[in-house]
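What follows draws every value from the coordinates through simple rules; no lab data is involved. Nothing here was measured: the structure is a model prediction, and the numbers come from that model. Quick reminder, even Gly has a Cβ in these numbers, built from the backbone with ideal geometry, and neighbours come from all protein chains shown.
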Amino acid sequence: METGLLIVISGPAGSGKGTVNAQLLQTGDFAFSVSATTRAPRPGEVDGVNYYYISHEEFEARIASGDMLEYTSYVGNYYGTPRKEAEAVLASGKNLILEIEVDGAGQVRKKFPEAVLIMLLPPDFSTQESRLRGRGTETEDKILGRLAQTREELTHLDIYDYIVYNETGKSEICKEDILSIVRAEKLSRKRNPDAARRYFGN
């Protein structure tokens, strides 16, 4: 069975990551892996479904052993992707989507260099600002903070393989762009090193 690709999709607030990733999942060729966290389960959350809930000590042991493909610390808790969970998804033939920020993407690049890193962007900065303000759900300080964070995030574009623009109202086209990237990557020479041997049946 052909193994899947590990696809990192990052993007600033307002880039439409959630919408595009949901459309990719609907194709049946993509999957998310279950992340691990040290925070306590919230009412209704199920271990192994929403997250793997583990202790700080176990999480740090997994970091030390290299079992966390990527991780971050937020408000006193760890969040991350168990490497074995990710590899199980890939072995099933599904393409694994990791929707993570630039720091996590950099960790994946070092630990899993064959991953494909995609930065999803609104068509321009003013469109991003309009989208954030149009939500009507965040304070002015929060919006300005997110915009400032975008300026920082985009200084790390050099670790990404592709930039995909999500035009307003055209998320379906954005999804097709990502599908095209996946198809091209699977046909790349670096992912078919034994093409001649397979061709001649040796």
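Starting from residues that are over 22 Å from the mean Cα position of the chain (by Cα) and of a type in the set (Gly, Ala, Ser), keep the ones in segment 38-64 and report whichever is farthest from Phe112 (Cα to Cα).
Only one residue tops the list, namely Gly44.
What are the residues in segment 67-85 that are aromatic (Phe, Trp, Tyr) and more than 15 Å from the chain's Cα centre (by Cα), if any?
Once the filter is applied, which keeps residues that are aromatic (Phe, Trp, Tyr) and more than 15 Å from the chain's Cα centre (by Cα), segment 67-85 yields Tyr74, Tyr78.
Take the residues in segment 104-116 that are touching a strand residue (DSSP E or B) at 6+ places or on another chain (Cβ under 9 Å) and assigned to a helix (DSSP H, G or I), then tell me which one is surrounded by the fewest Cβ atoms within 10 Å (Cβ to Cβ).
Lys111
Quick check on my filter: what residues within segment 161-191 are aromatic (Phe, Trp, Tyr) and either loosely packed, with under 14 Cβ neighbours inside 10 Å or closer than 22 Å to Thr3 by Cβ (or both)?
Answer for segment 161-191, where residues must be aromatic (Phe, Trp, Tyr) and either loosely packed, with under 14 Cβ neighbours inside 10 Å or closer than 22 Å to Thr3 by Cβ (or both): just Tyr162.
So which residues in segment 18-57 are surrounded by fewer than 14 Cβ atoms within 10 Å (Cβ to Cβ) and either within 12 Å of Tyr79 (Cα to Cα) or acidic (Asp, Glu) (or both)?
Listed by number, the residues that qualify are Ala40, Glu45, Asp47, Ser55, His56, Glu57.
List, please: which pairs have Cβ atoms under 7 Å, are six or more places apart or on different chains, and start with a residue in segment 99-116 that is over 18 Å from Glu153 (Cα atoms) and touching a residue at least 60 places away in the same chain (Cβ under 8 Å) and end with one that is assigned to a helix (DSSP H, G or I) and not aromatic (Phe, Trp, Tyr)?
From residues that are over 18 Å from Glu153 (Cα atoms) and touching a residue at least 60 places away in the same chain (Cβ under 8 Å), the pairs are Ala115/Val108; Ala115/Arg109.
Within segment 68-98, how many residues are free of Cβ contacts under 8 Å to residues at least 24 places away in the same chain, farther than 25 Å from Asp29 by Cα and surrounded by 14 or more Cβ atoms within 10 Å (Cβ to Cβ)?
Count: 0.
Working only within segment 155-185, note down all residues that are over 18 Å from Leu25 (Cβ atoms) and in contact (Cβ under 8 Å) with a residue 60 or more places away in the chain.
Tyr160, Glu185
From the set of residues in segment 117-138 that are in a loop (DSSP other than H, G, I, E, B) and without any contact (Cβ under 8 Å) to a residue 40 or more places away in the chain, which is farthest from Leu90 (Cα to Cα)?
The qualifying residue farthest from Leu90 (Cα to Cα) is Gly136.
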